[in-house]
1. Name the residue, out of 209, 221, that is assigned to a helix (DSSP H, G or I) and assigned by TED's automatic domain parsing to the domain that holds residue 356.
2. Looking only at residues that are farther than 22 Å from residue 350 by Cα and more than 15 Å from the chain's Cα centre (by Cα) in segment 286-328, which one is surrounded by the most Cβ atoms within 10 Å (Cβ to Cβ)?
3. Could you tell me whether segment 61-79 includes any residue that is of a type outside the set (A, V, I, L, M, F, W, C) and under 24 Å from residue 303 (Cβ atoms)?
4. State yes or no: is residue 260 surrounded by 17 or more Cβ atoms within 10 Å (Cβ to Cβ), assigned to a strand (DSSP E or B) and in contact (Cβ under 8 Å) with a residue 12 or more places away in the chain?
5. For segment 378-426: of the residues being of a type in the set (Gly, Ala, Ser) and either out of contact with any Phe, Trp or Tyr (no Cβ under 8 Å at 6 or more places or on another chain) or in a loop (DSSP other than H, G, I, E, B) (or both), which is nearest to residue 365 (Cα to Cα)?
6. What are the residues in segment 389-422 that are among the basic types (Lys, Arg) and either under 15 Å from residue 375 (Cβ atoms) or surrounded by 13 or more Cβ atoms within 10 Å (Cβ to Cβ) (or both), if any?
7. Working carefully through the options 99, 129, find the one that is on the phi < 0 side of the Ramachandran plot and not assigned by TED's automatic domain parsing to the domain that holds residue 75.
8. What are the residues in segment 61-90 that are at positive phi and of a type in the set (Ser, Thr, Tyr), if any?
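The values are calculated or read from the model by the stated rules, or taken from the named source; none is laboratory data. On a predicted model such as this, the values are computed, not experimentally measured, just so you know. Cβ placement follows ideal geometry from the backbone for every residue including glycine, while neighbour counts extend to all protein chains displayed.
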Amino acid sequence: MDPVNWPTDPRKESALLVGVQHRGQTGADLEDTLEELAQLTDTAGGVVVGQFVCRQDHPHPGHYIGKGKAEEIAEWIATHKPATVIFDDELSPAQGRNLEKIFKTKVIDRTQMILDIFAQHARTKEGCLQIELAQLGYLLPRLRRMWTHLERQKGGIGMHGPGESQLETDRRRIEERMARIRKDLTQVQRHRQELRRGRRRHGWALASLVGYTNAGKSTLLNALTDANVKAYDQLFATLDPTTRQVELPDNQSILLTDTVGFIRKLPHGLVESFKATLEEVVEADLLVHVIDASHPGVEKQIKAVHAVLEEIGAGEKPVLNVLNKVDLLEDNSEILFWQQEHREALPISAAQGVGLDRVVDAVREHQRGGSLDLTLRVPVSDGKALNFLENRATVHDRTYTDQSVTLRLTIGRRQLDQLRATGSRFETLTPQP
């Protein structure tokens, strides 16, 4: 195989990609995942200089691709000398070690690549802790007899047995650090729970943006809220959740959270580490699924998102599907096809500001749970109820007496339920549908 696209920037690392087509997998499937792996490589700061595709029914226990194929790839590596070999699937510790011996260069897998990108993009303390936990979980079964230079978090006199190996020392230090991180993340989860309880006490509805990485979630959040979240044309550009208020018609508001993007073959350990962040999805009243309608593998991306939602326990949440990037489609026939296949989906372009009003209207209708035209009599002394109705309903007319206020209004079913839950003393003068 001839090298391609050798990096001219010395800061970029040359990488050879290796993919395996297993039984039941089509060549198109493998091509899609390798293309995605190339995007991951670019996001991580590398340049793809070659690609090998292998076909086998089952992974080889010792070398994943078999020793013969590994030696064939090693000949190419000896000639072209890429800095890194990246496998599209997760390698066992033994497979990684054996391949490095044959290739005589660094070997990493898809999971390690994703963890590296997350480590580059994490900004908050919470994000850094989540990434460190996932990285340590990945490292633990891959320890070899070498000094890992991890700082001891606890220990001291009496902690070491005679003749303890360096491997055992390193393993214990990693386990201690992981326990400490889990404790810190538990505090983060409790803090988030308190915030959510406070929002619900004030009647705030919660919505979360979900979708495949680079589908345009941050761009949509910016378009709807002026959040100024950095939106890059890269995979996993957003890790730390951002919550902003969206003003809806009829005096309504909702809190919208941008969350980490999903991806095929998302490492399970990463999902576990990001539980504190992904709880924003699990606790949301509505999921806004942002779909890149222009991507050739969009149907597979949709399935990948659904799989992760099921894994984190959000598979039964109400979902509003939004077809983003319709401005990149070649013609209107593709939009018509989408609308036939997904009649409830809303075609938009977050970058161009097209169709955003339809998203706002759909979110409002969901929040309201349907509208009711009612006449309510509220005691003048119940200022909390009056304030709620003025801010959460559309009041058409007011009639005052010494003891009460009669309001003719339009209110959402959910808002009416919220008002009842506060124990407010109001009387319905018109029959409720």
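1. On the way: 209 fails: assigned to a helix (DSSP H, G or I).
Answer to the check: 221.
2. Selected residue: 317.
3. no
4. Working: surrounded by 17 or more Cβ atoms within 10 Å (Cβ to Cβ): yes; assigned to a strand (DSSP E or B): no; in contact (Cβ under 8 Å) with a residue 12 or more places away in the chain: yes.
It is false that residue 260 is surrounded by 17 or more Cβ atoms within 10 Å (Cβ to Cβ), assigned to a strand (DSSP E or B) and in contact (Cβ under 8 Å) with a residue 12 or more places away in the chain.
5. In this case the residue turns out to be 412.
6. 392, 398, 408, 413, 414, listed by residue number.
7. 129
8. Result: 64, single match.
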